[in-house]
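The block underneath contains the structure these notes are about, expressed in structure tokens.
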Amino acid sequence: MNPRLAAFNALTAVTRGGAYTSLALKEHIPSDMPAESKRFAAALVRTTLENLLKIDYALDAFIKSARVHGSVRNILRLGACQIMFMGTKDYAAVNESALLAKSLKPQTSGFVNAVLRALINGLGGIVYPSGRNAKYLSIEYSYPEWICEKYVADFGFDFTEKLLSYKAPLSTSVRMNALKTHAAEFESSLAKARLSFSRGSVEDSYAVEGMSDIENMREFKGGLFAVQSESSMRAVLAAGIKKGDRLLDCCAAPGGKSAYAAALTDNGIEITAWDVHEHRVEMTKKNFSRLGVKNARVSLRDASVYAPEFEGGFDVVMIDAPCSSMGLMAKNPDIRYSARQQDITALSEKQRAIISACGRYVKPQGTLAYFTCSLNKEENELITDGFIEGGFGFEYVSKQTLFPHICGSDGFYIAVMRRKK
């Protein structure tokens, strides 16, 4: 398959079908495609999504028709991305885009050719928004304007610009599974697989280049590693889990944080893991089995519904709360375009219900750890501050927000609280 056609199919799955970028790439880039073509197709999709609003703004300067069909728009986006951001020769970007249009919608080939040639000739004359305002940030860094307005209000303009300008690395962040291997053996296995890597800033974390088809890797199947960000690992470390603890992971799937806790304690903890969806319960069980996690019970349960039989029963309760995932927008740009303010409002109500119920399962002097992969105060400080002030008998041990452009990993909120006597 032509890599540009694969990129078109993946981009369309994201922009018109609401697919996650990673899943769209996995589904639409054939496994038997040459490695160089795979890399080009994936880079083309990601770069287009990372710059989507700026690309559209530039294209709209040269499109005279009131409405362009979504398929044609995506062909133009891919062509413009190659011209504006990927260093593809102009003639190649135009010709390949016109050929793609001819194969998909033959009557639009001339239109695609004309628009992209006009873009090349007029690129230097486009006047983009400027000034210290949300419109400038939105077009320059390709984030919807409402997100820019929200972040400027919360963090200030200069900080927001640094945050939005951050480009996530293309490497895959993985955690070596100390239950099944050690550093020398793991690094040797990566080298044998001809994968370049570097150690991360958290013990047992690695940044690995060129990983693809991860689930079929021998090392993955054997449980030697899990895909996990450094921010996620830092959240588990902050919880201070120690041998002998009874741990409740009440929004557990796919189980990465509990599995890391098991590795940190050499399977010396007792894990109770819940999730509200049956298929995610099964996913967690499979991951625990693959990673060699022992002493774990995984069950179907809605963490927002209080269960009195668990009152005061755990040394540590982790709440990896369902959230907007907007701390992952640099790594997963599709989230930028699917996020909605009304979703944040609904999620915050769910988060309050979960922390109110699950906080009661912590023993006196025990630990409640609340995490999100969001930077939104409505999902973070406002939830935990409200809980602390709500008479539940907890006090802060620590709280922090990890910003991607500062920590070099996912955006995360981590709050650790202790139940008073």
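Residues K363, K377: which one is within 27 Å of the chain's Cα centre (by Cα) and among the basic types (K, R)?
Just a single option satisfies the conditions, and that option is K377.
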Practice item. Give A263, A303, A273 a once-over and let me know the one that is farther than 28 Å from A183 by Cβ and aliphatic (A, V, I, L, M). Key: A303
Practice item. For H277, work out the one condition from (1) out of contact with any Ser or Thr (no Cβ under 7 Å at 6 or more places or on another chain); (2) closer than 15 Å to D249 by Cβ; (3) crowded, with 17+ Cβ neighbours inside 10 Å it doesn't fulfil. Key: (3)
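Only one of E96, E145, E140 is in contact (Cβ under 8 Å) with a residue 60 or more places away in the chain, acidic (D, E), on the phi < 0 side of the Ramachandran plot and not assigned by TED's automatic domain parsing to the domain that holds T21. Can you tell me which?
It is E140.
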Exercise for review: Just name the residue that is modelled with the lowest pLDDT out of those in segment 73-128 that are in contact with a helix residue (DSSP H, G or I) (Cβ under 7 Å, 6 or more places away or on another chain) and not in a helix (DSSP H, G or I).
Suggested key: K105
**Study point:** Matching helices (runs of 4 or more DSSP H) fully within segment 334-388 where at least 3 residues are assigned by TED's automatic domain parsing to the domain that holds V305 and within 12 Å of V317 (Cα to Cα)
**Key:** 341-358
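Restricting attention to segment 217-233, and to residues there that are over 16 Å from the mean Cα position of the chain (by Cα) and farther than 20 Å from A253 by Cβ, which single residue is surrounded by the most Cβ atoms within 10 Å (Cβ to Cβ)?
First, the residues of segment 217-233 that are over 16 Å from the mean Cα position of the chain (by Cα): 217-225.
Now drop any that are not farther than 20 Å from A253 by Cβ, which leaves 217-219, 222, 224.
Working: M217: 16, R218: 10, E219: 20, G222: 15, L224: 22.
For segment 217-233, the residue satisfying everything is L224.
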Study note, to complete from the structure: The residue from K242, K257 that alone is assigned to a helix (DSSP H, G or I), at pLDDT 95 or above and of a type in the set (K, R) is K257
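Condition check: aliphatic (A, V, I, L, M), modelled with pLDDT of 95 or more and part of a strand (DSSP E or B). Does L247 satisfy that?
Working: aliphatic (A, V, I, L, M): yes; modelled with pLDDT of 95 or more: yes; part of a strand (DSSP E or B): yes.
The answer is yes for L247.
Of all residues in segment 131-159, count the ones that are in a helix (DSSP H, G or I) and over 22 Å from F85 (Cβ atoms).
Let us first name the residues in segment 131-159 that are in a helix (DSSP H, G or I), namely 134-141, 145-155, 157-159.
Now restrict to residues that are over 22 Å from F85 (Cβ atoms): 134, 146, 149-155, 157-159.
Residues that pass the stated criteria total 12.
Among the residues of segment 367-391, write down those that are in contact with a strand residue (DSSP E or B) (Cβ under 8 Å, 6 or more places away or on another chain) and either surrounded by fewer than 20 Cβ atoms within 10 Å (Cβ to Cβ) or hydrophobic (A, V, I, L, M, F, W, C) (or both).
Restricting attention to segment 367-391, the residues satisfying the condition of being in contact with a strand residue (DSSP E or B) (Cβ under 8 Å, 6 or more places away or on another chain) are 367-375, 379-381, 383-384, 387-388.
Within segment 367-391, L368, A369, F371, C373, L375, E381, I383, F387, I388 qualify.
The values are calculated or read from the model by the stated rules, or taken from the named source; none is laboratory data. All values reported here derive from a predicted model rather than from experimental measurement. A quick note on method: Cβ atoms are made from the backbone with ideal geometry, for glycine too, and the neighbour counts reach across all protein chains shown.
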